Amino acid sequence: MTQATITESLWWIIPGKLAGMRRPECDELDTLQAIGIGAIVSVMDDPSNLTFYESAEIPYHWFPTKGGAPPTREQVGAFRIFVEEQLAAGRAISVHCSSGRRRTATFLGAYLILTGASYEQTLDAIVQANPAVEMRAAQLNFLKSLVPPLYSSDLRKALSWVVADIHSKGWAQGTGGNFSAALSHQPTTLLMTPSGVDKGLVQPDALLEIDADGQVVSGKGKASAETLLHLAIVESTRAGAVLHTHSIFGTLLSIHYAPLGEIVLSGYEMLKGLEGIRTHEAQVSIPIMANSQNMVQLSQDIRCLLQQRSGLNGLLLAGHGLYAWGDTLFQARRHVEIIEFCLELAYRQLTLPKIT
Ligand SMILES: [Zn+2]
């Protein structure tokens, strides 16, 4: 069987930017440069080709990797940086091992995952680009291990990670706050943090499954008193996740602005991180409701508010904290981060001396 030409062997994982190929011969470098490859990455375990690249003055990097084996995290981290540097310099990059089907695919897949793709999207993209790719189990497992828990298809893992992350930011100290993700709509079932558990320590298997009546249907532990509020929000907005924080700025500002019934955030570039907000000039209203220990009444009030006002991403309970939500857990987390950030800005702005 004759070897495919280097052009035939080239497969673009990101068209015009990043590709894989078999090991090129010295006399094929001109062809590669003619079709726009400006930099080369070798993931062979021997340095045989490097002198060609050196003498052709093609920018290159070598990440020695054994055949069939996965690379290391450090290697793929450095690979990502090399790719980004070359792209910034206007050069497309091609990666090669011997056949361009295993080690090469693993590096290209790692790049996609490190820049935000899910494991499934990555495998799809690879198969589309080159159906001949045959990664080994160790290489596939390596790719899986690179996916941050937030992007995991396992909702328990993702929610547990989000809760610990929010805790680490100081927005849900101790047992404060509660967090849920919808497992289903109609009927509503939630995956939710149990009551009275330190929010820095909620493991994936400690999350409870809660039905539409707020009853625990699986898992050990007690449902939070605020479960009815999560159900009210999920059922009124079809949110995929509801994240409730007890932050310093949420608590202070919700008391301060309670007489106005809302806090209006405006003028901050970061507001564009909220779904549907395109400009810093937007007026983003976060309604403030009176706090109460009567969860039945409070959940009805929330249903009422959400019926009257569509397009909200969050609400505050005075002296208590923020409820933020989104279509997905990913979006809900973004909304919490943006709103908490803007609340801190709003608080600090109040304390600045007036310019006369
Ligand atoms: Zn609370």
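Ranked highest first by the average count of other Cβ atoms within 10 Å around their residues, in what order do 289-296, 329-336 fall? List each step's numbers first, then the result.
Working: 289-296: 13.0, 329-336: 22.5.
By packing density, highest mean first, the sequence is 329-336, 289-296.
Under 5 Å between amide hydrogens, which residues at least 5 positions from residue 92 or on another chain qualify, with H placed 1.01 Å from N in the peptide plane?
It is 38, 39, by chain and number.
Return the sequence-ordered ³J(HN,Hα) values of the range 31-36 in whole Hz as given by the Karplus equation 6.51 cos²θ - 1.76 cosθ + 1.60 applied to θ = phi - 60°, using x for Gly and Pro.
So the Karplus estimates, Gly and Pro as x, are 4, 4, 5, 5, 9, x Hz.
Using only the Cα atoms of the range 252-356, build the gyration tensor, take square roots of its eigenvalues as a ≥ b ≥ c, and label the shape rounded, prolate or oblate: rounded if a/c is under 1.5, else prolate if a/b is larger than b/c, else oblate.
Judged from the Cα gyration tensor, the range 252-356 comes out oblate (a/c at least 1.5, b/c at or above a/b).
In sequence order, what are the phi-derived ³J(HN,Hα) couplings for the range 92-108 according to the Karplus relation 6.51 cos²θ - 1.76 cosθ + 1.60 with θ = phi - 60°, rounded to whole Hz, with x for glycine and proline?
7, 10, 10, 9, 9, 10, 8, 8, x, 10, 10, 4, 4, 4, 5, 5, 5
Could you tell me how far the Cα centroid of the range 325-340 sits from the Cα centroid of the range 163-197, in Å?
13
Near the amide H of residue 263, under 5 Å away, which other amide H atoms are found, from residues 5 or more places off or on another chain, if H is placed in the peptide plane?
286, 288
For the chain, what does the relative contact order come out to in percent, with C-alpha contacts under 8 Å and a separation of six or more?
11 percent.
Per residue of the chain, what 222 nm ellipticity follows from adding -39500 (n - 2.57) for every DSSP H run with n ≥ 4, rounded to the nearest 500? Numbers along the way, then the final one.
Details: 12 runs with 137 residues, N = 356.
Taking each H run of at least 4 residues, the total per residue is -12000 deg cm²/dmol.
With a ≥ b ≥ c taken as the square roots of the eigenvalues of the C-alpha gyration tensor of the range 20-176, please select rounded if a/c is under 1.5 and otherwise prolate if a/b is larger than b/c or oblate if it is not? List each step's numbers first, then the result.
Details: a/c = 2.63, a/b = 2.07, b/c = 1.27.
It is prolate, given that a/c is not under 1.5 and a/b is the larger ratio.
Take the Cα of residue 87, step 7 Å along the line toward its Cβ, and report every residue of the range 28-46 whose backbone nitrogen sits under 16 Å from that point.
37-41
Whole-Hz Karplus ³J(HN,Hα) for the range 312-329, in order, using 6.51 cos²θ - 1.76 cosθ + 1.60 and θ = phi - 60°, x for Gly and Pro?
6, 10, x, 8, 10, 9, 4, x, 10, x, 9, 10, 10, 8, x, 4, 10, 4
Under a point-charge model restricted to the Cβ atoms of Lys and Arg (+1) and Asp and Glu (-1), what is the dipole moment magnitude of the chain relative to its Cα centre, in debye to the nearest 20? Present the calculation step by step, with values, prior to reporting the outcome.
On the way: 27 positive and 33 negative charges, 104 e Å.
In debye, rounded to 20, the chain gives about 500.
Using the count of nearby Cβ atoms within 10 Å as a rough guide to exposure, how do 94, 218, 299 rank from fewest to most?
Result, fewest neighbours first: 218, 299, 94.
List the aspartates and glutamates whose alpha-carbon lies under 17 Å from that of residue 169, not counting same-chain residues fewer than 8 positions away?
Counting by Cα, and skipping residues close in sequence, residue 169 has these aspartates and glutamates nearby: 198, 337, 340, 344.
Would you please state the base-10 log of I(q)/I(0) at q = 0.09, 0.14 1/Å for the chain, with intensities from the Debye formula using one equal scatterer on every alpha carbon?
-0.65, -1.01
Could you tell me which of rounded, prolate or oblate describes the range 58-125, using a ≥ b ≥ c as the square roots of the eigenvalues of the alpha-carbon gyration tensor, with rounded for a/c under 1.5 and, failing that, prolate when a/b is larger than b/c and oblate otherwise?
oblate
Helix 73-88 versus the longest principal axis of the chain: what is the Cα-based angle in degrees, 0 to 90, to the nearest 10?
80
How long is the gain from residue 248 to residue 153 if the chain were fully straight, where each residue apart is worth 0.36 nm and the alpha carbon distance is subtracted?
31.0 nm
Please name which of 48, 72, 10 has its Cα lying farthest along the dipole of the range 1-87 towards the positive end, using unit charges on Cβ (Lys, Arg +1; Asp, Glu -1) and the Cα centre as origin.
Value: 72.
Between residue 351 and residue 17, take the C-beta separation as r, use R0 = 41 Å, and let me know the FRET efficiency to the nearest 0.05.
Approximately 0.30, to the nearest 0.05.
All of the numbers you see were taken from the coordinates with simple rules; none came from a lab. Here the structure is a predicted model, which is why all the values come from computation and not from measurement. Here Cβ is always computed from backbone atoms with ideal geometry, including for glycine, and neighbour counts include all displayed protein chains.
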